[in-house]
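Shown next, in C-alpha cells, is the structure this report addresses.
Derivation of every value follows stated rules applied to the coordinates shown; laboratory data play no part. Remember, predicted model here, so these are calculated numbers, not experimental data. Quick reminder, even Gly has a Cβ in these numbers, built from the backbone with ideal geometry, and neighbours come from all protein chains shown.
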Amino acid sequence: MTLYDELKKLPPGLPPGNLTGYPGVWDGMVVVHQPRMTIADRAAAYLAASPIHHPLEVVSTADGGRLEGLWVLGNNYRGSGYHGAFPPGFTKRIKALFPDHPKILHLFSGSLPPEPGVVRVDINPELKPDLCLDAHVLSQFRPVLRNVSLIICDPPYSDEDCDRYGVCRVKRNVVIEECRTVLEPGGFLVWLDQVWPMYSKKNWILRGLIGVVRSTNHRARLVTILEKK
Ligand SMILES: C[S@@+](CC[C@H](N)C(=O)[O-])C[C@H]1O[C@@H](n2cnc3c(N)ncnc32)[C@H](O)[C@@H]1O
C-alpha cells in the first residue's frame, strides 16, 4: 500500500486534504541509517559542499553545541518570482547541513517545484503542493507522515505577507508544536522567519542561528534550527 492510499483512508473528521496528484515521493524510499552526525560534523559537511562560503561557527554548549553564522545570498533574478520565495541557494545550503536526512517535509512550500524525496505542504491548492493542508493541523496527518526527521518551514512573516497570500496569521507556537508531534525524536526543525520564534527548552535543543540576507533593501531573516528532544 502506498502512502497515497493510506492518506485516502484517513478517518472522517480530518481536514480535507487536496491529494490530487500526490506523487507518493516517500513510498519505497530506503534511508540508510548512518552514525549520528554531531554539530561539528554538520558544519564540516556544509563547508565540504560549499567550500567558497564562510564556515559556520560551532559554538560549544552543555548539550552538544550549535551553529552560528551569516549567509549573504545575493540576488537571483531567475527565481520563481513568488512573493517570499526562498533566496537563491538557500535550500542547497540547508541540505548541505543535513546530508543524512534525504526525506524532507517542506511546510509552507509556496512555489517550490516537485523534487525527489521532498513532500511539499501548502494551504493554497493553486500551487499544487503534494499535500494541501493547514499547517496548524499537521499532526492530524501523523499516521501517514511517518519517520519525518527534517522539516523546513518558511511561513508568512507578517500581517502584510498574510494579506498577500490571503491567509490568516500563522500561530508560530501552534505550528512548532504540530511539527514536534510529527517529527521523530532527534529530528530537526529548520524555521526561516523575521523573528526568532519562541520554543520550549523542555522539548527542543537549539542547534543553529543563522542570519540570512540577500542584498541591500531586502529584509533580513533568521534561520532557527531546533532538534526535538
Ligand atoms: C513565504 S511563502 C513560502 C515561499 C516558499 N519558500 C518558496 O520558495 O516559494 C509562505 C507560504 O505559506 C503558505 N501558507 C500560509 N498559511 C499557511 C498555513 N496555515 N498552512 C499551510 N501553508 C500556509 C502560503 O500559501 C505561502 O505559499
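Values as computed for the structure displayed
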| quantity | calculated |
| --- | --- |
| Projected-area mean, segment 34-228, by convex hull of Cα positions, square nanometres | 11.0 |
| Cross-link table LYS128/LYS229; LYS92/LYS128; LYS95/LYS201, entries beyond 30 Å C-alpha to C-alpha | LYS128/LYS229 |
| Within-12-Å neighbourhood charge of VAL118 [Cβ basis; K, R +1; D, E -1] | +1 |
| Sequence-distant residues sharing a close amide H with LYS171 (under 5 Å, placed H) | none |
| Point-charge dipole on Cβ atoms (K/R +1, D/E -1) for the chain, about Cα centre, debye to 20 | 320 |
| Exposure proxy order (Cβ contacts within 10 Å, fewest to most) of GLU178, GLU126, GLU57 | GLU126, GLU57, GLU178 |
| Neighbour-count ranking [beta-carbon atoms within 10 angstrom, fewest first] of THR91, THR61, THR216 | THR216, THR61, THR91 |
| Fewest-first sequence of MET198, MET37 by Cβ atoms within 10 Å of each Cβ | MET198, MET37 |
| Share antiparallel - DSSP beta bridges, segment 34-228, percent rounded to 5 | 45 |
| Dipole of segment 34-228 [Lys/Arg +1, Asp/Glu -1 at C-beta], most positive-end residue of LEU127, SER50, PHE141 | SER50 |
| Semi-axes of the equivalent ellipsoid for segment 41-117, Cα gyration tensor, largest first, Å | 25, 16, 12 |
| Long-range amide H partners of TRP204 with built H, under 5 Å | LYS229 |
| Derived scalar couplings ³J(HN,Hα) [segment 70-75; Karplus, 6.51 cos²θ - 1.76 cosθ + 1.60; whole Hz; x for Gly, Pro] | 9, 10, 9, 9, x, 8 |
